[in-house]
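The values are calculated or read from the model by the stated rules, or taken from the named source; none is laboratory data. Source: prediction; values computed, not measured. Neighbour counts run over all protein chains shown; Cβ positions are idealised from the backbone, glycine included. To get the accessible areas, we keep the full protein, side chains included, count just its heavy atoms, and leave off ligands, DNA and RNA. Shrake-Rupley method; radii C 1.70, N 1.55, O 1.52, S 1.80 Å.
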Amino acid sequence: GCAAARRRLPLTMDGSARFPSKGAIMIEILNEGDFPEKVLQAPGKVLVEFFATWCPHCQRMMPIINDVADAVAGRVAVYQVDIDQSPNLASTYAPNGFPTFALFEGGSEVESLVGEQSEQRLRDLVA
């Protein structure tokens, strides 16, 4: 590939170049070892994205889930689970495909969305 292609930024819907937000936080990736403590024993709301590194829909969701995590920081915990590293979690919580966005509240799954979502839809999910 040429250098120009590598440098190109992903485009938003309106065609403008998208820069990562300055306050971008790295979302912690959970595995089967720490998922129970961080998600199932958490008192408040937790949003978990079940994703695969090779899934193009998941790749397109990365900047969106990061923006959502920024927006809800301090109110809702946001984590990711790599389905290849945690196949048991994937088969339990993301049986219908990827990405799956599962909202947990008080340790129970209350809602999930499958497939690409808008930032607004995810904000509504955790509101």
>> If I ask for residues that are modelled with pLDDT of 95 or more and β-branched (Val, Ile, Thr), which ones from the stretch 44-63 would you list?
In response: Val46, Val48
>> Name the residue that is nearest to Val110 (Cα to Cα), counting only residues in the stretch 75-97 that are open to solvent by 80 Å² or more (accessible area, probe 1.4 Å) and touching a helix residue (DSSP H, G or I) at 6+ places or on another chain (Cβ under 9 Å).
In response: Arg75
> Does Ala5 fit the bill of being exposed (fewer than 14 other Cβ atoms within 10 Å of the Cβ), of a type in the set (A, V, I, L, M, F, W, C) and modelled with pLDDT under 95?
Replying inline: yes
>> Please go through the stretch 52-90 and give me each residue that is more than 14 Å from Phe101 (Cα to Cα) and assigned to a loop (DSSP other than H, G, I, E, B), ordered by number.
In response: Thr53, Trp54, Cys55, Ala73, Gly74, Arg75, Asp84, Gln85, Ser86
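Condition check ((1) open to solvent by less than 50 Å² (accessible area, probe 1.4 Å); (2) modelled with pLDDT under 95; (3) within 12 Å of the chain's Cα centre (by Cα)) across all residues:
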{"position": "Leu9", "(1), (2), (3)": "no, yes, no"}
{"position": "Thr12", "(1), (2), (3)": "yes, yes, no"}
{"position": "Val39", "(1), (2), (3)": "yes, no, no"}
{"position": "Ala42", "(1), (2), (3)": "yes, no, no"}
> Can you name the number of the only condition in (1) over 17 Å from Val126 (Cβ atoms); (2) in contact (Cβ under 8 Å) with a residue 60 or more places away in the chain; (3) in contact with a strand residue (DSSP E or B) (Cβ under 7 Å, 6 or more places away or on another chain) that Gln41 fails?
Replying inline: (3)
>> Out of everything in the stretch 99-115 that is more than 16 Å from Leu40 (Cβ to Cβ) and among the β-branched types (Val, Ile, Thr), what residue ends up being surrounded by the most Cβ atoms within 10 Å (Cβ to Cβ)?
In response: Thr100
